[in-house]
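Notes follow once the structure below has been shown.
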Amino acid sequence: MRKYGLIIIAGICLAVIVLGHQHWKNVSQAAGMEAREAAAKLKEKEKEERETLIQSLKPENNKQQPLIDYLHYKSLTQDSVIVSLVGSNGTSGTGASNPSNSWAGRLEKSLRAEYDDLETLSFINHGHEGYSTEDLLEGKKIEAVIQDNPDLIILENPLINNHYKSLSLDQTEKDLENIMTKIQKELPNTKILIISPNPVANGKTENSLGLNYLDYIQASEKVIKTNKWTYINSKEEIEKKLKKKNMRLADILTNDNIHPNDQGHYIWFEVLDEYFKLKN
């Protein structure tokens, strides 16, 4: 009898183990299913939120949207975002101790940090030291920018060098028109931001044509205004910041009194960074 009793007890224990295992298996399966359903719902919610964000950032619905929102929209709708820079010494980073301290290097880092989606953003720099508007055209540098197929172009109008090389105001105006015509013809959907160069210490010095640096800025602004192109007068905006910070122009220029040093590039970056976040 004792033997049969042990067998019965063993059978009961085995049954409990089997049933218990099956119960926990069912519980585990149910929990796994619930987790998958929750994950699917979360994924669907994130997809809906992403689509809502994309619609809210559509350039067609935001005629005056900040450039940062335009770039954010591009980052959500394509694999990469390209900003091409073209110009002269200011763009190439002359005067900065290293590329990351130039306004271009700082601006790229700042924009990429603004949104996780903008990690795909990259700057392609076509800045060439000593280049004038004529050099950009004759050197096929505008064609190189077009080859990038960028979403945004920042064009630093190289007026310091136009003044230094005594190019006429008429040629300066025509060169800018030709540059813009080339870009707009080949890249009709690309946004273009024109910026002037930085302020210089010898801004009133006349060249062989009897023209000073300000004459070139004013002549270019006339063409820009006529064509309603997007534009920042970097010279004026930097000067405004110097006044607010109680700084001298000499504080932000290298020993040549022309090119910005690290501090000058930083203030130039501040001007552009603020503009990128303002409605146009």
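The values are calculated or read from the model by the stated rules, or taken from the named source; none is laboratory data. These figures come from a predicted structure and were not determined experimentally. Cβ placement follows ideal geometry from the backbone for every residue including glycine, while neighbour counts extend to all protein chains displayed. These accessible areas exclude ligands, DNA and RNA; they are computed on the full protein's heavy atoms, side chains included. Shrake-Rupley method; radii C 1.70, N 1.55, O 1.52, S 1.80 Å.
When ASN207 is tested against (1) in a loop (DSSP other than H, G, I, E, B); (2) out of contact with any strand residue (DSSP E or B) (no Cβ under 6 Å at 6 or more places or on another chain); (3) farther than 16 Å from SER132 by Cα, only condition (3) is not met. For region 257-274, the set of residues classified as part of a helix (DSSP H, G or I) and open to solvent by 40 Å² or more (accessible area, probe 1.4 Å) consists of ASP262, GLN263, TYR266, GLU274, listed by residue number.
Filter region 233-251 down to residues that are open to solvent by less than 20 Å² (accessible area, probe 1.4 Å) and under 22 Å from the mean Cα position of the chain (by Cα) and give me whichever is farthest from GLN64 (Cα to Cα). The extreme case among them is ILE238.
Remark: pairs (first residue in region 210-239, under 17 Å from SER132 (Cβ atoms); second residue open to solvent by 40 Å² or more (accessible area, probe 1.4 Å) and β-branched (Val, Ile, Thr); Cβ separation under 8 Å; 6+ apart in sequence or on different chains) = ASN212/THR205; TYR213/THR205. From the list ILE124, ILE154, the one residue that fits, being crowded, with 18+ Cβ neighbours inside 10 Å and touching a residue at least 24 places away in the same chain (Cβ under 8 Å), is ILE154.
When TYR115, TYR164, TYR70 are screened for being open to solvent by 60 Å² or more (accessible area, probe 1.4 Å) and either among the acidic types (Asp, Glu) or at pLDDT 95 or above (or both), only TYR164 passes. Note on region 86-126: residues that are among the polar types (S, T, N, Q) and closer than 20 Å to PRO197 by Cβ total 9. Taking region 73-94 as the range and being open to solvent by less than 30 Å² (accessible area, probe 1.4 Å) and outside any helix (DSSP H, G or I) as the test, the residues that pass are VAL81, VAL83, SER84, LEU85, VAL86, GLY87, SER88, GLY93, THR94. For the residues THR181, THR230, THR226, THR254, the requirement of being touching a Leu at 6+ places or on another chain (Cβ under 7 Å), open to solvent by 20 Å² or more (accessible area, probe 1.4 Å) and either at pLDDT below 95 or not charged (D, E, K, R) (or both) singles out THR230.
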